[in-house]
Amino acid sequence: MAGLDIDIQSFDIPRIVSVYPDQAGLRWWTKSWFNNSENGEAAIEIEREQAIRFLLNQIDKEEWLEEYFPKQMEMYHNAIDQTKEQLLQQSI
C-alpha cells in the first residue's frame, strides 16, 4: 500500500473564489463556489488591503479559502480524505 502513487488532482473538487468591491469601491467582498455550485457561498465582507493582497497573488487561494470559508474547507478535506481511503481500499 505504501508504494501506491495516487494523484489527488485526478479526483479534486473544484473551488473558485472571487474578490470584488461595491459600486463605490468602499467595501470589499469575497465569495466562493465549491464543486461547481451555481449559487456559491454567501459573500463575506473583507478589508480592502486583504482584497488587494489576494488580487496581487500575495495570498494563496487555498490559504484564502481556509481563512474565510473554514467550514466549507473542512468538508472539502473530509471529502478528499474519504475518496482517497476508498481508492486505497479498492487497490488492496
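The values are calculated or read from the model by the stated rules, or taken from the named source; none is laboratory data. Source: prediction; values computed, not measured. Neighbour counts are summed over all protein chains in view; Cβ atoms, including those assigned to glycine, are modelled from backbone coordinates with ideal geometry. Note: areas computed on protein heavy atoms with side chains; ligands, DNA, RNA excluded. Shrake-Rupley method; radii C 1.70, N 1.55, O 1.52, S 1.80 Å.
A few notes on this one:
- Of all residues in region 5-21 being modelled with pLDDT of 95 or more and more than 16 Å from residue 75 (Cβ to Cβ), the one that is least open to solvent (accessible area, probe 1.4 Å): 19
- The condition of being at pLDDT 95 or above and in a helix (DSSP H, G or I) holds for only one of 67, 85, 41, 45, that being 67.
- Taking each residue of region 28-39 that is without any contact (Cβ under 8 Å) to a residue 12 or more places away in the chain and looking for partners that are outside any strand (DSSP E or B) and charged (D, E, K, R) with beta-carbon atoms closer than 7 Å, six or more apart or interchain, yields nothing.
- Yes/no for residue 2 being at pLDDT 95 or above, part of a loop (DSSP other than H, G, I, E, B) and surrounded by fewer than 16 Cβ atoms within 10 Å (Cβ to Cβ): no
- Test: residue in region 15-27 that is touching a residue at least 24 places away in the same chain (Cβ under 8 Å), of a type outside the set (Val, Ile, Thr), in contact with a strand residue (DSSP E or B) (Cβ under 7 Å, 6 or more places away or on another chain) and closer than 30 Å to residue 85 by Cβ: yes
- Near pairs, Cβ below 8 angstrom, 6+ apart or cross-chain, from region 65-81 (closer than 16 Å to residue 31 by Cβ and open to solvent by 80 Å² or more (accessible area, probe 1.4 Å)) to any residue that is at pLDDT 95 or above and among the β-branched types (Val, Ile, Thr): none
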